[in-house]
Amino acid sequence: MEGEKEVYFCRVSTGMQGDSTPLGEHSVYWKLISVRMTATATGASYDLPGMSWTTFFAQNGVAIHAATSHNDFGTVRFAWLRQL
């Protein structure tokens, strides 16, 4: 938004219940061009050394970021990623 005018809209994938993306208004406190992120849950794990365009908006590591592992935008996805 720029003032009251919407200048960009896109579909996103949010966390599933239990690992939900927090609702509400948030302030950005840290932006990174690239950050290492890992995920481990129910037998699946991965280590991504360069998750791009990461914007943290909650002190517990919740962030919005690029998605390279799927193309299901507009659907709920797991929010397993955490900063190392």
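Each reported figure results from applying straightforward, stated rules to the coordinates on display, with no laboratory input. Every value quoted in this text rests on a predicted model; they were computed, and no experiment measured them. Heads up, the Cβs are rebuilt from the backbone with ideal geometry, glycines too, and the neighbour counts pull from every protein chain shown.
Sorted on the mean count of surrounding Cβ atoms within 10 Å across their residues, most packed first, peptides 27-34, 53-60, 3-10 read 53-60, 27-34, 3-10.
How much length is gained on full extension from Ser34 to Asn60, taking 0.36 nm per residue of separation minus their Cα-Cα distance? Write down the numbers at each step before the final one.
Details: separation 26, 0.36 × 26 = 9.36 nm, distance 1.81 nm.
Value of the extension gain: 7.5 nm.
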